[in-house]
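Data first, discussion second: the structure below is written as structure tokens.
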Amino acid sequence: MNKKTIASITTPIGEGGIGVIQVSGPNSLKIVNAVFKGKKLKDLRNAESKRLYYGEIHLNGSPVDEVIVNVLRKENSFTGEDLVEVNCHGGIQAVKKTLECIVHAGAKEVHWEELARRSLVNNKIDLIQKEALIEIPEAKTKLGVKVLLDQYNGALSSFINKLIKKIENSDNIKNQFNYIHDKLREISETAVFGCAITLPQRLIITGKPNVGKSTLINALLREDRSIVHIEPGTTRDAIDDMISIDGIPLVIVDTAGIRKTNHKVEKLGVSESKRQLKQADKIIIMFDNSKPLEKEDKELTKFIMHKLELRKRDNSHKIPVFPVINKTDLPSKLNLSTLGEKQLEPICKISALKGDGLSILEESLVSEFKKYTKYVPKRPTIFTKRQQEHISKALYISKQCVRLVREIKDTKNYSNLLNDIKQNLLNCLVFSWPSPKSL
Ligand SMILES: Nc1nc2c(ncn2[C@@H]2O[C@H](COP(=O)(O)OP(=O)(O)OP(=O)(O)O)[C@@H](O)[C@H]2O)c(=O)[nH]1
Ligand SMILES: [Mg+2]
């Protein structure tokens, strides 16, 4: 199945000092040797593992690029196969031409994720580690990279494997239920944070026209990206951008103020805003401190609190709404009590223009992750929906077990039941092992 030698560009295509091509498989040394002319080493097949060799890539006798190759024999490589890393000049042409030569010599060109798959197939890493490896280049914050690197190095895998051993080795699983249940709860609580690292939540900013939505976004971005204007209805399309608060990435979406309008273009903006709100993970609804409450404020609040389905589709949690009063630097004419919405609390008071109150708003936006934003090395963390589903199932079973053990005292089938539970728990927890589908 993995006899074929594969090659992939593992650095981004574009301007840069160097480009890297990794060649992995039983014939990697032979294939690269066919196009590599070493300055000192005559035959790459005699290369020592973990050594760098300087030379040129040649095609039909002419040099294509100057390279340094790193040879890693299978016992030292992350794919578990002989691996040659060809470091050539960066940019587009040099890397592509070098890859072309290697492919011409017999390697199969693949996407870089195929190298991670080889690593999995050859038991160098497990499925959780492979998922981490694939997520690392996508990480949006430094905290994200650190957490994912820990999972790549086995933090979550070893937590799960220890739990599996504990269940397997327990003669009387009944005595272990509370311990297992606590451990499952502990690890499942990390999922909200870990999944927010790999799949940033969408924060939608809404409010009537001219309330200061774009100004707030610019303040959170700490730059001028959204168009701000004195004229209401300035933002007509939803615009998204990425911000990071305490290492948590958030996709922040500026929307057009929702109001009844006959203006064709603005109408489109309003319906786009509604569409965006339906995809929100968090919503900021803004009010203007310098104006009395208007019909538009009431309609929008009603839409969000009552018409919008604020539960997540998977029913896991309710989407939080953050009410914000903006323009507190101006004299107050606003009275929110006439809104008649008790659920709209606590209210954050800010001046987006002056920057007042922003740090309190930022803090409340990421308060659900508070336990995890301070980096703790090697902390096991659930970071994909797939892992989260497995843990949720295991947690559900263990909840039932705690109840069963309390209720059923002595029945004929008691030990059979305990064995079934043990097996079911183990089935949920073996998610670090690849299924044939994931191979
Ligand atoms: N005094 C004061 N003015 C503000 C504040 N925030 C925004 N503004 C002003 O309010 C006006 C509208 O701001 P925008 O950010 O464009 O408002 P918006 O909600 O994006 O408006 P639309 O895109 O039209 O829906 C601009 O003149 C801003 O400078 C604030 O905190 N204090
Ligand atoms: Mg705007």
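The values are calculated or read from the model by the stated rules, or taken from the named source; none is laboratory data. What you see is a predicted model; the values in this text were computed from it and never measured. For neighbour counting, all protein chains shown are included, and Cβ atoms are generated from backbone atoms with ideal geometry for every residue, glycine included.
Kindly indicate whether any position in the stretch 238-247 is in a strand (DSSP E or B), within 13 Å of ligand 2 (Cβ to nearest atom) and at pLDDT 90 or above.
So far as the stretch 238-247 goes, no, none of its residues is in a strand (DSSP E or B), within 13 Å of ligand 2 (Cβ to nearest atom) and at pLDDT 90 or above.
Before we move on, is ASP410 part of a loop (DSSP other than H, G, I, E, B) and modelled with pLDDT under 90?
Details: part of a loop (DSSP other than H, G, I, E, B): yes; modelled with pLDDT under 90: yes.
Considered against the rule, which asks whether it is part of a loop (DSSP other than H, G, I, E, B) and modelled with pLDDT under 90, ASP410 comes out as yes.
Could you list, ordered by first residue, the pairs with Cβ atoms under 8 Å in which the first is in the stretch 161-174 and over 16 Å from SER415 (Cα atoms) and the second is hydrophobic (A, V, I, L, M, F, W, C) and in a helix (DSSP H, G or I), at least 6 apart or interchain?
Within 8 Å, the pairs are LEU163/ILE180; LEU163/LEU184; LEU163/LEU429; ILE164/LEU426; ILE164/LEU429; LYS166/ILE180.
For GLY90, state whether it is in the same structural domain as ALA105 (by TED's automatic domain parsing), surrounded by fewer than 15 Cβ atoms within 10 Å (Cβ to Cβ) and over 19 Å from LYS124 (Cβ atoms). Give the steps one after another, and end with the answer.
Working: in the same structural domain as ALA105 (by TED's automatic domain parsing): yes; surrounded by fewer than 15 Cβ atoms within 10 Å (Cβ to Cβ): no; over 19 Å from LYS124 (Cβ atoms): yes.
No, not satisfied.
Every residue, every condition in (1) within 30 Å of ILE134 (Cα to Cα); (2) assigned to a helix (DSSP H, G or I); (3) among the aromatic types (Phe, Trp, Tyr); (4) within 13 Å of ligand 1 (Cβ to nearest atom), yes or no:
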{"position": "THR338", "(1), (2), (3), (4)": "no, yes, no, no"}
{"position": "GLN343", "(1), (2), (3), (4)": "no, no, no, no"}
{"position": "PRO346", "(1), (2), (3), (4)": "no, no, no, no"}
{"position": "LYS354", "(1), (2), (3), (4)": "no, no, no, yes"}
{"position": "SER359", "(1), (2), (3), (4)": "no, yes, no, no"}
{"position": "SER364", "(1), (2), (3), (4)": "no, yes, no, no"}
{"position": "LYS370", "(1), (2), (3), (4)": "yes, yes, no, no"}
{"position": "PRO377", "(1), (2), (3), (4)": "yes, no, no, no"}
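Which one of LEU300, LEU293, LEU404 is at pLDDT below 85 and either more than 29 Å from ALA132 (Cα to Cα) or touching a Gly at 6+ places or on another chain (Cβ under 8 Å) (or both)?
Values: LEU300 fails: at pLDDT below 85; LEU293 fails: at pLDDT below 85.
The match here is LEU404.
Which residues, counting only those in the stretch 108-148, are among the β-branched types (Val, Ile, Thr), surrounded by 21 or more Cβ atoms within 10 Å (Cβ to Cβ) and over 28 Å from LYS3 (Cβ atoms)?
Our first condition is that a residue be among the β-branched types (Val, Ile, Thr); within the stretch 108-148, this holds for 110, 121, 125, 128, 134, 136, 141, 145, 147.
When the remaining residues are screened for being surrounded by 21 or more Cβ atoms within 10 Å (Cβ to Cβ), the result is 125, 128, 147.
Scanning the stretch 108-148 gives a single hit, VAL147.
Can you tell me which residue in the stretch 213-231 is modelled with the lowest pLDDT, limited to those that are near ligand 1 (Cβ under 6 Å from one of its atoms) and surrounded by 14 or more Cβ atoms within 10 Å (Cβ to Cβ)? Before you say what the answer is, go through the steps one by one.
So the first thing to find is which residues in the stretch 213-231 are near ligand 1 (Cβ under 6 Å from one of its atoms), and the list is 213-215, 228-230.
In the following step, the residues that additionally are surrounded by 14 or more Cβ atoms within 10 Å (Cβ to Cβ) were identified as 213-215, 228.
Details: LYS213: 93, SER214: 90, THR215: 94, VAL228: 54.
Result: VAL228.
So which helices (runs of 4 or more DSSP H) are wholly in the stretch 137-198 and hold at least 3 residues that are more than 25 Å from LYS124 (Cα to Cα)?
On the way: elements: 142-152, 155-169, 177-188, 191-198.
Here the list reads 177-188, 191-198.
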